[in-house]
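A.B. asks: Attaching a single structure in structure tokens format; questions to follow.
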Amino acid sequence: MNKLFILLFLFVAAHKFSMAQSDRWQQRVKYTMSIDVDANSNRFTGKQKLAYTNNSPDVLSKVFYHLYFNAFQPNSSMDVRSQELGKTLINGRQDWDGRVKDRISKLKEDEIGYQKIISLKMNGIAQPFKYHETILEVNLTKSIAPKSTIVLDMEFEAQVPLQVRRSGRDNPTTGVRYSMSQWYPKLCEYDYEGWHPTPYVACEFYGVWGDFDVTIAIDKTYKLGGSGVLANAADIGWGYDSPGTELKPITLPKRTWHFIANNVHDFMWAADPDYKHLVRKMPNGGPTLNVIYNYKDGDAKNDEAWTAVADAAVIALSFIESHFGKYPYPQYSFIHGGDGGMEYPMATLLSGPGLGTVFHEWMHSWYQMMLGTNESMYAWMDEGFTEYASDLVEGYYRDKVSRVKGATNPAYIKSLDSAAALLPLEHNGNYKSYYYIAKSDYEEPLTTHADHFNTNVGYSVAAYSKGCVFMEQLGYIVGAAVRDKILLEYYKEWRFKHPNASDLVKLSEDISGLKLDWYKEYWCNTTKKIDYAIDSLWEENGVSKIRLRKIGQMPMPVDLQLTFKDGATELHYVPLNLMFGEKPAEDKNQNRIVHEEWRWTHPTYIVELKHRLTDLKKAEIDPTKRMADTDQKNNILELNW
């Protein structure tokens, strides 16, 4: 090809690729499921009709399903993995999930979980399948052509495990009978990287966008909450038809609940005879908020705590939507159950009413339920961004309650269970966790698969805290106002899709006008640390000079604030050459001086100022403490002339 043609081809290809990013093809599912629950044996049978649309350009010769309940059997991958992690001692404690430990190994036959496939047909023709513990491999008798839809009909049976992790029955901590998350044969995701048949070992999940039509037949005494809208609310009552109504009596031994959830990538439900249902309807067409919890006769504090959840959700929603995007679904349910807090579309399971956990799980509606990253590969974009958002929501709520109810109201202040709730910096707790792991031997890159971290503590701090710091530190790099705009545009551009880290960085570059690939490379792909120091200062030919030193291996732009004897301050801003630009001034009332860029290859940089050196009282790198500098003692120099 001639040179002109090659250049034209590359331009068109690059343009086409860039334009296609937010419109990247996605598979589509439509589940119609009916299950029949035997509450005496803790087993259920199910029929599933799955319409699967292959929007990819690829011919698919096989499909995969998740069979999550099969993890809850002795000697399963989850069981062995937990016990192996428990052999590692960190600060004298076994590094296993305290909820799992070695409990799976001790489950009896009637306490284990399982999912068994009775039959599977594609377009009416039986298909061969093979079990790989928590993954079902189906080698299709006829491939699925691109841009076509097929129907998979399945019959299955399952036993609900004793509550160990996320899903299960009879958790003594909550008293909830059934927490039914990750409970049905769920089709694995196929995307531009191929199939993702990730075994259920411990951590995250990834799902196909679609619609769910689910009917659940269960003993008539049970009360249910879950993903989706209750389609037969008029038949059920119990607050679903209108707030405060009772469960409608029936003569049949079982009652059928019919839920519909559209444009989601999972479906969860929970059931208990002692559930109580609180309802809050947001004005102006906003969502209905449900709080469903185990009622304890005579326990007024339990009622008060769960009522606080409902009231807090009403208070917080406007703040959440203004900062992170509108909640698009018709309802959201906070449901008592599970083993801590675990997010699902349009609902969450909560082992208790602590508002820190409540806000965190609700914010997962944005970071995972709408912005559906592959959590196994990008757990930090899910848990970390949720941490960042929920820190802000807690701060807003705390301030709102302080002004409306009084700062010392114990019922509200006690309900905020976040460790950082009383700290001046919203994300202080997450910064401290990052500093701990960065100075330990347990840090691994954020690019590590969630299940493949060497330690639980390494995964936890990476996903939650280092992910949170990524977003707050992004505000340091591009400016807080620009970062806030990025978050809203990220929501608008990528909701109901599967963005990855490169998609987020590209969008951030487009909005900020700065190059940011270096930030992802250092912060996500490596464990290199940030450490800047004030090295020395002197006067030379009437010019005052301050030398800064880069000690850590990760380069950053630098804010250097100078305070003078007369109380005046100056912010000296040194952009990084890899940014190819500078962030806008964040404080219009502060005098800011922009210097030449600092080349990342150079270990030192000299800042020149027009003041006499003896006028200087204090010099401080990053006065806002948003840069995750692992040694901040060398960031401040105080002078006593």
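A.B. asks: Which one of these is out of contact with any strand residue (DSSP E or B) (no Cβ under 9 Å at 6 or more places or on another chain), of a type in the set (A, V, I, L, M, F, W, C) and under 25 Å from Met282 (Cβ atoms): Ala234, Ala261?
C.D. replies: Answer to the selection: Ala234.
A.B. asks: Looking at this structure, is Val151 hydrophobic (A, V, I, L, M, F, W, C) and crowded, with 19+ Cβ neighbours inside 10 Å?
C.D. replies: For Val151, the condition - hydrophobic (A, V, I, L, M, F, W, C) and crowded, with 19+ Cβ neighbours inside 10 Å - is not met.
A.B. asks: Helices (runs of 4 or more DSSP H) wholly in segment 408-466 with at least 2 residues that are within 30 Å of Ala305 (Cα to Cα) and modelled with pLDDT of 95 or more - which ones? Lay out the reasoning, then the answer.
C.D. replies: Values: elements: 410-413, 428-438, 456-460.
The helices (runs of 4 or more DSSP H) meeting that bar are 428-438.
A.B. asks: Farther than 29 Å from Tyr178 by Cα, modelled with pLDDT of 95 or more and either among the hydroxyl-bearing types (Ser, Thr, Tyr) or touching a Leu at 6+ places or on another chain (Cβ under 9 Å) (or both): which single residue out of Gln27, Gln48 fits that description?
C.D. replies: That would be Gln27, the only listed residue that is farther than 29 Å from Tyr178 by Cα, modelled with pLDDT of 95 or more and either among the hydroxyl-bearing types (Ser, Thr, Tyr) or touching a Leu at 6+ places or on another chain (Cβ under 9 Å) (or both).
A.B. asks: Can you give me the ranges of the helices (runs of 4 or more DSSP H) entirely in segment 468-528 with at least 2 residues that are at pLDDT 95 or above and aromatic (Phe, Trp, Tyr)?
C.D. replies: 480-494, 517-525
A.B. asks: Identify all residues within segment 259-299 that are among the aliphatic types (A, V, I, L, M), surrounded by fewer than 24 Cβ atoms within 10 Å (Cβ to Cβ) and closer than 25 Å to Gly175 by Cβ; write none if there are none.
C.D. replies: Leu278, Val279, Leu289
A.B. asks: Could you tell me how many of the residues in segment 241-276 are out of contact with any Lys or Arg (no Cβ under 7 Å at 6 or more places or on another chain) and without any contact (Cβ under 8 Å) to a residue 60 or more places away in the chain?
C.D. replies: 16
Yes or no, residue by residue, for (1) farther than 20 Å from Pro499 by Cβ; (2) under 12 Å from the mean Cα position of the chain (by Cα); (3) surrounded by fewer than 24 Cβ atoms within 10 Å (Cβ to Cβ); (4) free of Cβ contacts under 8 Å to residues at least 60 places away in the same chain:
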| residue | (1), (2), (3), (4) |
| --- | --- |
| Gln331 | yes, no, yes, no |
| Met363 | no, yes, no, yes |
| Tyr367 | no, yes, no, yes |
| Gly372 | no, yes, no, no |
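A.B. asks: Here's a check for you: in segment 158-207, which residue that is surrounded by fewer than 23 Cβ atoms within 10 Å (Cβ to Cβ) and of a type in the set (Val, Ile, Thr) is nearest to the chain's Cα centre (by Cα)?
C.D. replies: In this case the residue turns out to be Val201.
A.B. asks: Given (1) under 21 Å from Ile530 (Cα atoms); (2) of a type in the set (Asp, Glu); (3) in contact with a Leu (Cβ under 9 Å, 6 or more places away or on another chain), identify the lone condition not met by Glu596.
C.D. replies: So the condition that Glu596 fails would be (3).
A.B. asks: For segment 580-621, what are the residues that are free of Cβ contacts under 8 Å to residues at least 60 places away in the same chain, farther than 27 Å from Gln553 by Cβ and of a type in the set (Lys, Arg)?
C.D. replies: Of everything in segment 580-621, those that are free of Cβ contacts under 8 Å to residues at least 60 places away in the same chain, farther than 27 Å from Gln553 by Cβ and of a type in the set (Lys, Arg) turn out to be Lys588, Arg592, Lys617, Lys618.
A.B. asks: Please verify whether Thr141 is in a strand (DSSP E or B), touching a residue at least 24 places away in the same chain (Cβ under 8 Å) and surrounded by fewer than 16 Cβ atoms within 10 Å (Cβ to Cβ), treating the condition exactly as stated.
C.D. replies: On the way: in a strand (DSSP E or B): yes; touching a residue at least 24 places away in the same chain (Cβ under 8 Å): no; surrounded by fewer than 16 Cβ atoms within 10 Å (Cβ to Cβ): yes.
Against the criterion (in a strand (DSSP E or B), touching a residue at least 24 places away in the same chain (Cβ under 8 Å) and surrounded by fewer than 16 Cβ atoms within 10 Å (Cβ to Cβ)), Thr141 does not qualify.
A.B. asks: Moving on. If we keep just the residues of segment 210-246 that are among the hydrophobic types (A, V, I, L, M, F, W, C) and in a loop (DSSP other than H, G, I, E, B), which is nearest to His258 (Cα to Cα)?
C.D. replies: Filtering segment 210-246 for residues that are among the hydrophobic types (A, V, I, L, M, F, W, C) and in a loop (DSSP other than H, G, I, E, B), the one nearest to His258 (Cα to Cα) comes out as Ala231.
A.B. asks: Let me ask something additional. Would you mention how many residues in segment 443-458 are touching a residue at least 12 places away in the same chain (Cβ under 8 Å), under 27 Å from Asp517 (Cβ atoms) and either among the hydrophobic types (A, V, I, L, M, F, W, C) or touching a helix residue (DSSP H, G or I) at 6+ places or on another chain (Cβ under 6 Å) (or both)?
C.D. replies: Counting residues in segment 443-458 that are touching a residue at least 12 places away in the same chain (Cβ under 8 Å), under 27 Å from Asp517 (Cβ atoms) and either among the hydrophobic types (A, V, I, L, M, F, W, C) or touching a helix residue (DSSP H, G or I) at 6+ places or on another chain (Cβ under 6 Å) (or both) gives 6.
A.B. asks: Also: Got a sec? Which strands (runs of 3 or more DSSP E) wholly within segment 28-130 have at least 2 residues that are among the polar types (S, T, N, Q) and under 21 Å from Tyr190 (Cα atoms)?
C.D. replies: Strands (runs of 3 or more DSSP E) meeting the threshold: 43-54.
A.B. asks: Taking the criterion of being among the β-branched types (Val, Ile, Thr), at pLDDT 95 or above and either under 29 Å from Asn40 (Cα atoms) or in a strand (DSSP E or B) (or both), would at least one residue in segment 162-169 satisfy it?
C.D. replies: Going residue by residue through segment 162-169, those that are among the β-branched types (Val, Ile, Thr) are 164.
Restricting the remaining residues to those that are at pLDDT 95 or above gives 164.
Okay, now just the ones that are also either under 29 Å from Asn40 (Cα atoms) or in a strand (DSSP E or B) (or both), so 164.
For segment 162-169, residues among the β-branched types (Val, Ile, Thr), at pLDDT 95 or above and either under 29 Å from Asn40 (Cα atoms) or in a strand (DSSP E or B) (or both): present.
A.B. asks: Go through Asp503, Asp510 for me and flag whichever is buried (at least 17 other Cβ atoms within 10 Å of the Cβ) and more than 24 Å from Val607 (Cα to Cα).
C.D. replies: Step by step, each of Asp503, Asp510 is checked, and only Asp503 is buried (at least 17 other Cβ atoms within 10 Å of the Cβ) and more than 24 Å from Val607 (Cα to Cα).
A.B. asks: Is there any pair linking a residue in segment 51-69 that is touching a residue at least 60 places away in the same chain (Cβ under 8 Å) to one that is acidic (Asp, Glu), with Cβ under 7 Å and at least six apart or on different chains, and which?
C.D. replies: Partner pairs satisfying both residue conditions: Lys62/Glu137; Phe64/Glu137.
The values are calculated or read from the model by the stated rules, or taken from the named source; none is laboratory data. In this text, all values refer to a predicted model and were calculated from it rather than measured experimentally. When we count neighbours, we look across all protein chains shown, and the Cβ atoms used for this are built from the backbone with ideal geometry, even at glycine.
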